[in-house]
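Remarks on the structure that follows.
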Amino acid sequence: MKQRRRIVAYTLLELLVSMLILYIACSYLMSLFSSGRRFGLRNREYSTTVFLARNKMEYLCCMPADKLENISSGRFTGDYSGYSWRASLSDFSGNLKLLTLEVESPLRTKTTLRRLLRGRAFMGVACDSFSDQVIWSMPKSASVNFMQSSGANSPQSLSLVMPGLSPCYTGALSGIPGRGAVWAACANRPAICYYTFSSANKLKARYVLKAPAASERSAPVFAGIAGDSWGNRLYCADMSNGAIWIVQDGLAQNALQWSAESPLRPKKVPLEKPMGLALDEHASILWIAESAARAIRPLYLNSGIKPSGSGTEAAAGVGWWGTRLALPQGTEALQGLAVNSWGSSLFAVDDHHLLILTYKFSAAGSLTSEWSVYSLPSALRSAMPSGLACDPFKNVLYINTSRGELWMASVEKTPSYKRVQ
């Protein structure tokens, strides 16, 4: 008689327990996958908010203080349409203001940046040696002051109305008031205007030129302008995009136009917040004050000869970018730039100093340069310099301030200062 073989198998209870264990393990693994995916998405959004916050902060820091006060919130466009930002400007101490920026992602990931700013606006001043006239912009105003530079008469307030740009505050200035013409940059909008004087010293807007729409990532902020003596070209420093815009042959064609749809910028060594411009009488060198780099860079115009130096490169259709000139130790970001008619001396002003760069030939016949640094008087420092113009025949500099005060500095030997208005 054969003995039956006993079949060994799992019981129903053991199967249920094993299936439960397998279910728990799979659920845990699936949760790890979903959590990793969620954390990865959040990490990507956090990186994106940091990137957007840094770019937005750089853009906001390039704007005039009076325009920042009117900005509160907004949304990004394009690939970042789900991201939003909020900005606030508050008083910190003295002339310092605290700018706070918060960027939020669709998953509520937030990045907050804070930066201290000086509460100043972009100002300008222009003078004419032959007619003894000077004109300077006023803070948060569409008007400029106009007077004889000798102080023989009281200043007149002239309204600069830019058609289609109201409200528009006057910023950087360029031109020759004695010839009845002046260029003005709008401090709170990306636009340039050309004015002419009437016989009664009233200004009339002849041409208004807005920056090409959507040509740059950020709206241009024209912190400084400089035009040649013939009115054929105007150079505009775009502080927001680190570039130079050119208005070319506008008056000859009886209309203003940009020389190109995009601005001029170097590729090897980018411009770092260009703020002030100065052009000699022969329009041979455009000097550019880079506030972030604390340096001055020359742009050699209409030159077919490549200048020496490691930072030189061609500027298509214009000339050559030159090598940066480092500022002396202890100086700060420049707030104004000017050059004498023949280009032998370059003048600059920061919050506390007047800087003079003099070119001269040595005994061996080589061209040398030397910096001279002078302290500004306390009253001028507290008024915050913003804008510089040179009268080479009188050896006088005119310094505008963020308060709208006009100062005169004699530079024959050791500078002496006098408040004009």
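The values are calculated or read from the model by the stated rules, or taken from the named source; none is laboratory data. Being a predicted model, the structure only gives us computed values, none of them experimental. Please note: Cβ atoms are built from the backbone with ideal geometry, for glycine as well, and neighbour counts cover all protein chains shown. What goes into the accessible areas is simple: the full protein's heavy atoms, side chains included, and nothing from ligands, DNA or RNA. Shrake-Rupley method; radii C 1.70, N 1.55, O 1.52, S 1.80 Å.
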Accessible surface of residue 367 - all protein chains present, 1.4 Å probe, nearest 10 Å²: 110
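Working out 0.36 nm times the residue gap between residue 314 and residue 381, then minus their Cα-Cα distance, what length gain in nm do you get to one decimal?
Length difference between fully extended and current span is 20.3 nm.
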Accessible heavy-atom area order of 28, 46, 300, highest first, probe of 1.4 Å: 28, 46, 300
Region 225-363, relative contact order in percent, only Cα pairs under 8 angstrom and at least six apart counted: 17
Sum of side-chain charges, residue 391 neighbourhood, beta-carbon under 14 Å (Lys, Arg +1; Asp, Glu -1): -2
Probe 1.4 Å, protein heavy atoms only - accessible area per residue of region 310-352 in square angstrom: 35
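Under a 1.4 angstrom probe, counting protein chains only, how are 380, 13 ranked by accessible area, largest first?
Of 380, 13, the descending order of accessible area is 13, 380.
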Nearest-10 value in Å² for the accessible area of residue 39, using the 1.4 Å probe: 130
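Taking all protein chains together and a probe of 1.4 Å, list 371, 321 from the most accessible to the least accessible.
371, 321
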